[in-house]
Amino acid sequence: MKGRLFLGGAIFALGLSAYFAAEEAQKPAGIVPSPPQLNLLQFLPTAPDLRGWQPKGPPQHYKGEDLFLYIDGGAEIYREYGFKQVIVQDYRDANDRSITLEIFEMANAESAYGMFSFKSGAKGISYSIGHDARLEDYYLNFWKGPLLITLIGFDASAECREGILRLARAAEARIPLTGTRPSLISILPKEWADSARIIYLKGVLGLNNIHVFFPYDLFRFKEGLAAERNSSTLFIFRYANTEEAAARFSEVKKAFAKSPSYKNPKSLKANDFESTDAKGNILRVELQGDSIRITLTKSTVLKK
Amino acid sequence: MASKFGRREFISKSAKISVSAVLGKHLISGFADSPLAALAKDGADIAVITGTDYAAMTAKAVELLGGIGRFVPKNARVVLLPNVQSKNPGTFTKPEILRAVIKMCKNAGAKEIACLSLLTQQHWDGTGLAQVVQEEGIVLKLISSEAANFRTVPIAGGSVLTEAKITNELYNYDLFINMPITKDHAGNKFTGTMKNLMGLNSRDHNRANFHKPNWTTDPAAIEHLDKCIADLNTAVKPTLNIVDATEIIRTNGPMGPGELIKPLKVIAGVDRVAIDTTCASILGLKGEELTQIKKAYEKKLGEIDLTKVKIQEVKV
C-alpha cells in the first residue's frame, strides 16, 4: 500500500512539475496548443472516495485530433479553445446506473474557463466546486486550473444529481491546480455583471454559436466575450493593442456599410456607429481602447 | 401495430405485389427513381407526429406517408442507420423508435433487417440500441475502418468532393432507412437527415476531407463541411427518413451534454431537404440560413420552400 502511495505521489509530482514548466513557457492562449502535459489518470476518483460508485471499465484517453474519435463529427469547438487531451471514465452504482466523468486538459486556465463558459447554460445552478461549477438538468461542468471537468448523469433525478455532485467533489479534491478567469471578464461593465450567461470567446466558431454577424471572420479578435442579459447581448472583442483595434474597427465599419444585411448605418461619433440587421435588431458598435464593443438589442424588445 | 395501418396500408400492400419484381439493388441509388415513388400519392410528403408514445408516433408517421409497404416490399433486405453518437440524453436515436421501425419492416415481410454503424459496440450498448437489436433478432454490422471495407463512389458535380467512400455493406441491401436524431451542432449548427449520412462514409475520409487540415474552425472551414455534406447526399439516397425530434439537445451538439428540449415529435418523409428544413425550424433555425440545406436544395435534392410541401401534422 505504501509502495502504491509512493508511486502515485511520484507520478503526481512529475505531472505537476511538467504542468508548471509548461505554464512558464506558455504562449498566450492560441489555436495551436502544446502537447498534453498532465497525467490525467491521477485526477480520476477511485472507490474509497465515492461511497457507492465504482469505476466501470477502463478509462478512455484521446489526445489532439483523436478527439474526433470520441466526439464523432463535432470536435471543432474544443479545438478552437485549445484542446490537448481528455480522459473519460464511466462510474456505476449498485443499481447499474451510470455517470460519465470527462476531464479535458485545455491549453491553459483561460481556455478551460472559456470551454466551461461555452458549455454551461444560463439555467443551471452554481456550486462551489473548482473555480466555477454549474449543474444543469443531468450534467455538471466545472473548471480548475487548465482542466474542464464534465459529469453526465443518467437523468435529472435527485439521485443522479447527488451522484454527480459526489463524483465532482471527489475529482476536485484530487486536482491541486489553480487558475484565474481571463482578465477580459474584469472589464465587463457593471451593468452587465449580473448577466444570465457570460461566454469567453477564443474564435469565430464560438462567436457564431451565439450570433452570426457576417459569414466570414470579420472581427479577427484575440479574445472576446459575450454577456447575455434579457434580450440584449454585449460583445467585447479585444485586440493586441489600440492600433490594431482601431484598424479593425475601420474594417468593421466599412463592412457594415457595404453589407446588404445591415440597414440604416448611422455614425454617432467618430468611434461609434449604429445599424439595424435584417431581423430588426439594433446594433451599436463602439471602439474603446484595445476593444470593439457591440451591443445587440433584439427586435422583440424594441417592439415592446 | 399493423392493425393501425388501415386502408392505405392495404392498398399499398396490394400494389407492392406488382412492383416487387422490379425491385432490387437499384433502390439504394434513389427512391425518386424507383417505381415505388408512384405509390400512395395521396400520402403526405412529410409527416410530423407529436406525442409521448414514440413507437406509436413512428408508426403513425409512416402510415401518413402511405404505409410501410410503400417503402419496404416483401422479401426486401433492409438496412437501418440510427444515430449512436453518445449515450448522453438527446444525442442518439431513441430505442423505441428503432424498435418500431424494425417491427414495421418485419410486418411488411422484410427478409433481412440490419443496422449499420461505423462506431463501436460500446456506443450501441450505452445508448440502449444494442438491446433492441438483440431483442428483435436483427443483425448489427459494425464496420471497422480498413479501407477495404469502403468503396469509392464518384460524386459528379460535387462542390468540393469528387468522391465518397461508402461502406460496402450498404450495397448488400435493397433499401436503406435513415434514422437520425435532429439536434444542435456546435460546428455547423444543425444535424439532421443529411449529416447522418456521414455515418456511412469512411471515418478516415470524413476526417481528411470534410474537416479542414489542422482543425481549422473559421467560417470557410465550416462552409466546406456543409458543402461536403450536400455532396455526399448526392451519392447516397435513403429510401425513407425517420427523424427523432422527441428529446434533443439544442446546445453543445452533436455529443452534448447540452440543454435538452422536448419537441416530442417524430418526422418522416423522403425529401431530405424538406425534412431538414422542418427540423431546423424546431431548433429555431431557417433552412435557407443553413449552408448544408441551401446547398442540397441547389443540387435539387429536395424542396426548401415548405409551402410547396404537403406536411401532415398529427397528435397521437
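Roughly what % of Cα-Cα distances in the range A:19-173 sit above 18 Å, to the whole percent? Don't skip to the answer; put the middle values down first.
Details: 6706 of 11935 pairs.
Cα-Cα pairs of the range A:19-173 separated by over 18 Å account for 56 percent.
The convex hull built on the alpha-carbon positions of the protein assembly as shown has an orientation-averaged projected area of 29.4 nm².
In angstrom, the C-alpha Rg and Dmax of chain B are 17.9, 56. Extent along the principal axes, Cα only, for the range B:197-316: 47, 34, 25 Å, with the longest axis given first. Going from the residue with the fewest nearby Cβ atoms within 10 Å to the one with the most, B:Met194, B:Met255 rank B:Met255, B:Met194.
What is the helix-to-structure angle for A:242-258, meaning the angle in degrees between its Cα long axis and the longest Cα principal axis of chain A, kept from 0 to 90 and rounded to the nearest 10? Around 60 degrees separate the two axes.
By other beta-carbon atoms within 10 Å, ranking B:Trp124, A:Trp143 with the fewest at the front produces B:Trp124, A:Trp143.
Just from its helices, what would the mean residue ellipticity at 222 nm be for chain B, if runs of 4 or more DSSP H residues each count -39500 (n - 2.57) and the sum is divided by every residue, rounded to the nearest 500 deg cm²/dmol?
On the way: 9 runs with 93 residues, N = 316.
Helix-only estimate at 222 nm: -8500 deg cm²/dmol.
Using the Cα centre of chain A as the reference point, and only Cβ charges (+1 on K/R, -1 on D/E), how large is the resulting charge dipole? Debye, rounded to the nearest 20.
Values: 39 positive and 34 negative charges, 147 e Å.
So the dipole magnitude of chain A works out to roughly 700 debye.
Given R₀ = 25 Å, FRET efficiency for A:Ser126-A:Ile187 by Cβ-Cβ distance, to 0.05?
Numbers: r = 22 Å, r/R0 = 0.87.
Once the sixth-power term is evaluated, E becomes 0.70.
Can you say what percent of the DSSP beta bridges in chain B, counting only those with both residues inside, are antiparallel? Round to 5. Walk me through the numbers before you get to the answer.
Numbers: 20 of 41 bridges.
Approximately 50 percent, going by the DSSP bridge assignments.
For the residues B:Gln85, B:Gln134, B:Gln121, a GNM of chain B with alpha-carbon springs under 10 Å puts the largest fluctuation on B:Gln134. The Cα atoms of the range A:183-303 cover 35, 34, 28 Å along the three principal axes, with the biggest extent listed first. Rounded to the nearest 20, the Cβ-based charge dipole of the protein assembly as shown about its Cα centre (Lys and Arg +1, Asp and Glu -1) stands at 1040 debye. A convex hull fitted around the alpha carbon atoms of the range B:44-176 yields 144 Å³ per residue.
Averaging over all projection directions, find the projected area of the Cα convex hull of chain A and quote it in nm² with one decimal place. Please list the in-between numbers first.
Details: hull surface 71.7 nm².
Spelled out: convex hull of the Cα atoms, projected over all directions, averaged, 17.9 nm².
Centre-to-centre separation between the Cα atoms of the range B:174-204 and those of the range A:201-256: 31 Å.
Every read-out reported here was derived from the displayed coordinates using simple, explicitly stated rules and does not represent laboratory data. This one's a predicted model, so the numbers in the text were calculated from it and none came from an experiment. We place every Cβ from the backbone using ideal geometry, glycine too, and count neighbours over all the protein chains shown.
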